[in-house]
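Novice: Have a look at this one.
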Amino acid sequence: MDTADFLQTLDREGRLLTTAAAAAGTEAKVPTCPQWQVRDLLRHTGAVHRWAAAFVADERTEPRPLDEAPDLAGAALVDWYRDSHRLLVDTLAAAPADVRCWTFLPTPAPSPLAFWTRRQAHETTIHRYDAEVASGGTASPIAPDFAVDGIDELLRGFHARSRSRLRTREPRVLRVRALDEGADAVWTVRLTTEPPVTVREAGEDAEAELSGNAEELYLALWNRRPVPSVTGDRSLAALWQEKGGI
């Protein structure tokens, strides 16, 4: 997928999130994030959108914290989220391809613009799913190639960072495999007392394998659904559920 594809996905997913949040109401519980109501979901995602947009628009080269979201509820909060999403999409669409700004994952991206467009497309998709579950509606599908990319970002990006809690006292090997027809999507995750090291290949023998179609795996690895299938040592699947959160 290229930056234009991610931008199109980001645009669509934010619109779907807005629709689902309005249907659910801002006081509705979010089953996939049990401590949240829809208002928390909108405040968080909208603040992240504005935070990301500012790095690109202002060419900020140093990290900065999120600004607090306004204390709104109901239709006013939905409108604020809609404006936040629109600001992000418009900022990314207008940015020069060679814009220079801060990014935060250790895996290299083609450019900062590519990084932020990809990252916000995945951020929005996961929280769109949360909003649709909260509304009680049928969740919109996630394309296999996008889901595979999101799994890769999670395993080789987020969990390569020093803050990853996915660690074991003794070396262990976990495999993740998407089963979609034609998908070359298998990862080997080496777990130690250090941050996990993930390679995009079957590699060595694994003690456990998490598998399923790409959409199911994507949502499971973000702890939104149960892992579709576990073979081998199920304690490694339990470890993911306990320690794999970001």
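The values are calculated or read from the model by the stated rules, or taken from the named source; none is laboratory data. Since this is a predicted model, take the numbers as computed values, not measurements. Backbone-built Cβ (ideal geometry, glycine too); neighbour counts: all protein chains shown. All accessible areas refer to the heavy atoms of the entire protein, side chains included, with ligands and DNA or RNA removed. Shrake-Rupley method; radii C 1.70, N 1.55, O 1.52, S 1.80 Å.
Novice: Hey, can you rank 137-144, 154-161 by average C-beta count inside 10 Å, highest first? Please list the in-between numbers first.
Specialist: Working: 137-144: 14.6, 154-161: 20.5.
Descending mean neighbour count gives 154-161, 137-144.
Novice: Quick one: what Rg and Dmax do you get for region 93-155 from the alpha carbons, in Å?
Specialist: 13.9, 42
Novice: Mind checking the per residue accessible area of region 91-131 for me, 1.4 Å probe, whole number of Å²?
Specialist: Numbers: 1440 Å² over 41 residues.
Computed with neighbouring chains in place, this is 35 Å² per residue.
Novice: May I pose another question? Taking the Cα centre of each part, how many Å lie between region 166-182 and region 227-246?
Specialist: 9
Novice: Could you order the peptides 49-60, 230-241, 116-127 from most to least packed, using the average number of other C-beta atoms within 10 Å per residue?
Specialist: Peptide ranking by packing, descending: 116-127, 49-60, 230-241.
Novice: Give a residue-ordered list of calculated ³J(HN,Hα) values for region 185-192 (Karplus: 6.51 cos²θ - 1.76 cosθ + 1.60, θ = phi - 60°; whole Hz; x for Gly, Pro).
Specialist: Each residue of region 185-192 in turn: 9, 9, 10, 10, 10, 9, 9, 8 Hz.
Novice: Something else: Under the √(5λ) rule applied to the eigenvalues of the Cα gyration tensor, what semi-axes describe the equivalent ellipsoid of region 67-108? Give them in Å, descending.
Specialist: 28, 14, 8
Novice: Let me see the P(r) profile for region 33-124: every Cα-Cα distance counted, bins of 10 Å, each bin given as a percent of all pairs.
Specialist: 16, 47, 28, 8, 0
Novice: Then there's this: Given a 1.4 angstrom probe, I'd like the percentage of the accessible area of the chain that is carbon and sulfur, rounded to a whole number.
Specialist: 49
Novice: Next question. Pick out, in residue order, every one of the GluC sites (Glu not before Pro) in region 158-246 that is DSSP loop and has at most 11 other C-beta atoms within 10 Å; say none if there are none.
Specialist: Sites meeting the loop and neighbour criteria: Glu181, Glu201, Glu204.
Novice: Right, another one. What are the equivalent ellipsoid semi-axes of region 125-164, built from the alpha-carbon gyration tensor (square roots of five times its eigenvalues), in whole angstrom, biggest first?
Specialist: Semi-axes from the Cα gyration tensor: 25, 14, 4 Å.
Novice: Kirkwood hydrodynamic radius of region 99-240 from all distinct Cα pairs, in Å?
Specialist: Details: mean 1/r = 0.0630 Å⁻¹.
Computed over region 99-240, the radius equals 15.9 Å.
Novice: To continue, here is another question. To the nearest 10 degrees, how steeply does helix 74-94 sit against the main Cα axis of the chain, on a 0 to 90 scale?
Specialist: Relative to the chain, helix 74-94 is tipped by roughly 70 degrees.
Novice: Beyond 30 Å, what share of the Cα-Cα pairs of the chain is found? Please give it as a whole percent.
Specialist: Pairs farther apart than 30 Å: 28 percent.
Novice: A further question on this structure: Can you give me the angle between helix 3-24 and the longest principal axis of the chain, using Cα atoms only, in degrees from 0 to 90, rounded to the nearest 10?
Specialist: Approximately 70 degrees, to the nearest ten.
Novice: If you fit an axis through the alpha-carbon atoms of helix 112-135 and take the longest principal axis of the Cα set of the chain, what angle between them do you get, 0 to 90°, nearest 10?
Specialist: Helix 112-135 sits at roughly 90 degrees to that axis.
Novice: Shifting gears a bit: Against the empirical 2.2 N^0.38 Å scaling, what ratio does the C-alpha Rg of region 172-246 come to?
Specialist: My calculation over the Cα atoms of region 172-246 gives 1.01.
Novice: Something else: I need the per residue convex hull volume for region 179-223, using only the alpha carbons, in cubic angstrom as a whole number. Present the calculation step by step, with values, prior to reporting the outcome.
Specialist: Working: hull volume 4.0 nm³, N = 45.
Value for region 179-223: 89 Å³ per residue.
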